[in-house]
Amino acid sequence: MCSESSNLDYSTSEGGDAGGSKKKLNYEEWLLQSDYDLEVADSMLTTGRNIYCVFMCHLSLEKALKGLYIKQTNQFPSKMHNLMYFVEKIDLNLPEDKKEFLVDINKLAIVTRYPEDLRKMIALYTKEQANHIYQQAKAVQQWLKIQ
């Protein structure tokens, strides 16, 4: 678990569109957002918001994959949340352990985004489980960033 805050600059550039109304094909922006979301996941883990830690891990990986999609295709990604869709679209040759993790966390996207029974979800995702997911997401995200 990351205990130190980063030195990333999340400010918009001068004259930039802070509202995000323009589509950006800058893959580095997507990677910056992926880093930011992973930091939020760490904060959620630290404060015991384990469900949201898992959700933010998925969001971080989604943005990293979308950044890689832009880098490889020079096209803006769809608003789809399915991680495996982007893995297939860019023909990403993932190591088997990373692929299995993406399949698993992909299944958690809906249940953590829209939990039907919050108490059940809180009991299901312990700090240890959320930390394990966070550590795996961090490793996959780092791998994606060097592709």
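No value in this document is a laboratory result; all are computed from the given coordinates. In this text, all values refer to a predicted model and were calculated from it rather than measured experimentally. We place every Cβ from the backbone using ideal geometry, glycine too, and count neighbours over all the protein chains shown.
Things worth noting here:
- Of every Cα-Cα pair in segment 68-114, the percent that sits beyond 18 Å: 33 percent
- In plain terms, the residue of V140, V103 with the fewest other Cβ atoms within 10 Å comes first and the most crowded comes last, giving V103, V140.
- Ordering M56, M121, M80, M44 from the fewest to the most neighbouring beta carbons within 10 Å gives M80, M121, M44, M56.
- Each Lys or Arg adds one and each Asp or Glu takes one away; over the other residues whose Cβ falls under 14 Å from the Cβ of T112, this sums to -1.
- Loop-resident sites, segment 58-97, for trypsin sites (Lys or Arg not before Pro), counting at most 13 other Cβ within 10 Å (DSSP): K79
- Alpha carbon Rg of segment 43-147, scaled by the compact-globule rule 2.2 N^0.38 Å: 1.08
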